[in-house]
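Only one structure is covered here, and it is reproduced in the block below.
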Amino acid sequence: MDGKPVNEPTHSAAADPYRSRTGVVQSGPGDDEVDLGQLLGTIWKGKVLVALTTALGLAAGAFTIANTYPTFQADALLQLEEKSGALALPSSLAALTDSDPRSVTEIEVLRSRMVLGRAAAEQNLDWRVSPAIAPVIGTMVSRYRLPVIDRIIPARFARPGERLELEHLTVPPEWVNRDIELVVTGEQGYTLTLPDGRTIEGVVGERTDLDDAGFTMSIETLAASPGRQYTITQVDEMRAINSLRSRLSVSERGRGSGILEVRLSGTDRQANTRSLNAVINAYLRQNIERSAAEAESSLAFIRGQIPEAERNLREAEAALNAFRQQESTVDLSLETQNILEQITRIEGELSGLERREDELRQRFNPEHPTYRALLDERGRLESRLDGLRGRVGDLPETQRQILNLSRELELAQRIYTELLTRAQEVEVLRASTIGNVRIVDAAAASPDAVAPRRSLILALALILGGIAGVALVLIRNWLRQGIKDGSEIEKLGLPLFATINYNKAADTGGKRHGKLPILAIEETADLTVEALRSLRTSLHFGMLDARTPTLCVTSSHPEAGKSFLTLNLAVVAAQAGQRVCIVDADLRRGQLRRYFDIPRDHPGLAEVIAGDVAIDDTLIQGPVDGLFFLSSGRYPPNPSELLMRAEFSRLVDWCGQNFDLTIFDTPPALAVTDPVIVARNTGASIFVARHDITHLGEIEATIKTFSAAGLRLSGAVLNGFDPRKAGAGYGYGYGYGYGYRYEYKQRAP
């Protein structure tokens with residue numbers, strides 16, 4: 001019998017009464033707003049995934065801690081003392097600076113190549129000894145005893161408690177920054193593979209030499225099992241300095257305090273202390289050498305001036321003696337002697353005022369009272385000196401000449417004496433130079449590691465793991481967004497016959513064996529059953545124009561609930577006094593027989609179409625009066641071809657003549673073509689969509705599939721609807737595994 005497209009029901013009001021009774025929430029203008037309750041509910045639903053990712057995050061944090069070498073820190077305190085003659089800033093400018101400029105300068109000196117190069121050379125920091133570390137978990141294996149993993153990891157990788165210390169290493173220039181491989185061969189023996197490819201043997205405590213290559217090495221300590229592998233490298237000076245500088249930090253403790261805190265970090269606590277002490281000592285030595293260099297420079301200048309001053313003194317003495325012999329004058333007169341003493345004293349006072357003025361000029365401006373007083377005193381002394389020089393002009397020529405020569409001699413003697421005195425002072429200063437830096441606290445290592453920070457890492461791992469879990473839940477919920485409301489189906493031009501509420505008792509996906517319960521019989525007052533009764537009413541009016549009282553039920557994917565809907569709809573129809581037949585038209589994976597406790601090998605639809613049995617011999621009386629069931633029978637090898645036979649069309653006609661309603665349960669329409677074949681012979685066909693699981697794209701694809709065959713779906717049913725979640729667009733999962741794979745299962749004969 002040729003099937004013709006079934007007209008779509010014209011009674012759109014058939015769905016409306018039901019929807020008003022069930023209270024389905026319509027889409028509103030506020031649907032785009034974020035519902036915090038919905039968000040928290042979605043996260044709570046995925047709490048297992050969140051807990052799993054959080055646990056994984058904690059495990060990753062613990063692994064990071066275990067697989068990271070602890071970093072220790074050594075610290076020391078230095079004091080920068082004031083240097084005599086240093087330039088002082090005005091207090092107004094000093095208040096604006098973040099730190100003492102002297103401290104900034106000394107910090108840079110402390111981090112300079114001059115200082116760090118000496119420390120690196122002293123501690124042999126240009127030698128690198130690195131054990132072979134296993135990939136990924138190598139650090140953890142080298143730190144902890146792990147018996148199981150230890151048997152798996154190759155012998156060349158490091159284990160806990162092993163160490164190698166060099167006593168001496170010299171390599172030719174072309175081997176700098178190139179690796180030398182060492183393999184332990186015994187308790188005290190080892191083998192070296194050199195950069196040029198040669199292999200030599202060595203013994204701990206003995207020097208290994210290659211005179212032709214300029215290579216020399218000796219090992220002081222070797223505590224490792226045979227087979228362990230090490231890499232020895234002598235790096236260039238710049239790399240050693242940069243490595244040391246990257247681990248060194250210097251800061252001033254308190255602004256302008258002159259106290260420098262020096263810290264050095266590394267994985268070896270004792271090596272940190274030794275290296276930091278070497279840095280501090282190198283800094284102190286350069287500071288002392290700098291002060292000694294200043295004293296040496298001053299002493300060299302003074303010594304260069306002493307011969308000149310001595311020559312001037314001798315010339316002044318000779319000139320005075322020659323004049324006395326020429327003029328037969330032995331001594332100065334009392335008046336002339338008095339003038340000479342006054343001039344000498346005033347000139348000495350003026351010289352002292354000049355030195356004091358130099359100091360005051362650095363601290364005050366010329367308008368300062370102290371500076372003004374000094375200028376007034378200098379003016380007074382200069383006036384007196386001018387007066388005395390005028391009196392010198394009134395003296396007799398002989399006395400005036402003697403006075404001038406005596407002044408020159410006395411000045412030369414004073415200069416010479418001052419130079420000798422200053423030379424002695426600088427000699428003493430050079431011999432006792434200690435610099436302007438003092439060690440307050442010598443280098444000492446902290447007992448606890450400063451990294452990794454276990455509590456911080458675990459807290460971050462916990463937070464990041466939880467965030468990752470929440471993100472996965474939200475992404476999963478977003479990716480599996482299905483229809484939320486019946487209005488979404490109606491927008492596709494497909495009438496909505498009913499919305500079936502979700503019922504936990506209807507979830508039978510996890511029950512794979514035994515008889516399944518029929519909800520419409522066991523819970524007759526449930527809201528889900530009431531919704532099925534509303535569907536019965538809607539279909540009664542919707543199928544008034546149908547050719548036959550036969551109905552095809554399909555979906556786009558498995559687990560949409562079409563079998564549940566077929567069975568319970570038939571039950572409520574039979575309870576209303578109708579004569580109803582259920583036909584399991586899923587000849588691939590039909591499971592309706594489990595609701596009637598029928599064995600797998602019971603003959604059914606496949607055998608009836610094939611002509612092996614009569615339909616009267618296969619019909620089963622249901623648990624409700626007026627309800628009959630025709631199982632799928634044995635799964636045939638060609639279900640689609642079997643349904644296309646004329647016998648199936650005659651079967652549908654027979655059902656339409658003998659029953660008030662016949663419901664055909666078919667496979668998913670997007671998986672196989674069986675539903676289209678069945679729908680061509682039935683009076684109507686409805687599509688079952690699962691709330692929050694079935695996508696709009698799947699419904700559109702199903703409509704196109706039917707349209708390609710010249711058919712139209714009569715309407716749709718929204719199944720598994722949860723009114724508590726629908727209004728906020730809540731993504732609700734039912735634990736159903738679904739997909740588009742609908743495999744054919746052939747039962748053995």
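State whether one or more residues within region 141-159 are touching a residue at least 12 places away in the same chain (Cβ under 8 Å), surrounded by fewer than 16 Cβ atoms within 10 Å (Cβ to Cβ) and in contact with a strand residue (DSSP E or B) (Cβ under 8 Å, 6 or more places away or on another chain). Yes, because at least one residue in region 141-159 is touching a residue at least 12 places away in the same chain (Cβ under 8 Å), surrounded by fewer than 16 Cβ atoms within 10 Å (Cβ to Cβ) and in contact with a strand residue (DSSP E or B) (Cβ under 8 Å, 6 or more places away or on another chain). Within region 544-577, being aliphatic (A, V, I, L, M) and surrounded by 22 or more Cβ atoms within 10 Å (Cβ to Cβ) holds for L551, V553, A560, L565, L567, L569, A570, V571, V572, A573, A574. Region 207-262 holds strands (runs of 3 or more DSSP E) entirely within its bounds, and those carrying 2 or more residues that are over 34 Å from the mean Cα position of the chain (by Cα) map to 208-210, 215-223. State whether one or more residues within region 63-84 are modelled with pLDDT under 95 and among the acidic types (D, E). So far as region 63-84 goes, yes, one or more of its residues are modelled with pLDDT under 95 and among the acidic types (D, E). Close contacts from region 128-139, counting a first residue that is farther than 8 Å from A158 by Cα and a second that is aromatic (F, W, Y), with Cβ to Cβ under 8 Å and a gap of 6+ residues or different chains, come to V129/Y230; S130/Y230; T139/Y69.
Across region 160-177, the number of residues qualifying as surrounded by 15 or more Cβ atoms within 10 Å (Cβ to Cβ) and under 33 Å from the mean Cα position of the chain (by Cα) comes to 1.
Is there a residue in region 548-569 that is touching a residue at least 12 places away in the same chain (Cβ under 8 Å) and over 21 Å from I582 (Cα atoms)? For region 548-569, residues touching a residue at least 12 places away in the same chain (Cβ under 8 Å) and over 21 Å from I582 (Cα atoms): absent.
Filtering region 619-641 to residues that are closer than 21 Å to N568 by Cα and outside any loop (DSSP other than H, G, I, E, B) leaves I620, Q621, L627, F628, F629, L630.
Tell me yes or no: at least one residue of region 660-667 is among the aliphatic types (A, V, I, L, M), in the same structural domain as L494 (by TED's automatic domain parsing) and over 30 Å from A576 (Cβ atoms). Taking every residue of region 660-667 in turn, none turns out to be among the aliphatic types (A, V, I, L, M), in the same structural domain as L494 (by TED's automatic domain parsing) and over 30 Å from A576 (Cβ atoms). Applying a threshold of 9 Å to beta carbon distances and a minimum spacing of six or more residues, or different chains, the list of pairs starting in region 394-420 at a residue that is closer than 13 Å to T344 by Cβ and ending at one that is modelled with pLDDT under 65 and not in a helix (DSSP H, G or I) reads L403/L332; L403/L395; S406/L332. State which residue is nearest to A679 (Cα to Cα) when the search covers only region 609-618 and only residues that are touching a residue at least 12 places away in the same chain (Cβ under 8 Å) and part of a helix (DSSP H, G or I). Ranking the candidates gives I609 first.
Listed here are the residues, each with its yes/no results for (1) hydroxyl-bearing (S, T, Y); (2) at pLDDT below 95; (3) in the same structural domain as G117 (by TED's automatic domain parsing).
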position	(1), (2), (3)
T231	yes, no, yes
L248	no, no, yes
R253	no, yes, yes
I259	no, yes, yes
S265	yes, no, yes
R290	no, yes, no
A293	no, yes, no
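Condition check: crowded, with 23+ Cβ neighbours inside 10 Å and part of a loop (DSSP other than H, G, I, E, B). Does D601 satisfy that? It is false that D601 is crowded, with 23+ Cβ neighbours inside 10 Å and part of a loop (DSSP other than H, G, I, E, B). Restricting attention to region 132-185, the residues being touching a Gly at 6+ places or on another chain (Cβ under 9 Å) and within 30 Å of D209 (Cα to Cα) number 15.
Checking R547, R589, R533 one by one, the residue that is touching a helix residue (DSSP H, G or I) at 6+ places or on another chain (Cβ under 6 Å) and at pLDDT below 95 is R533 and no other.
The values are calculated or read from the model by the stated rules, or taken from the named source; none is laboratory data. Just so you know, these numbers come straight off a predicted model, no measurement behind them. For neighbour counting, all protein chains shown are included, and Cβ atoms are generated from backbone atoms with ideal geometry for every residue, glycine included.
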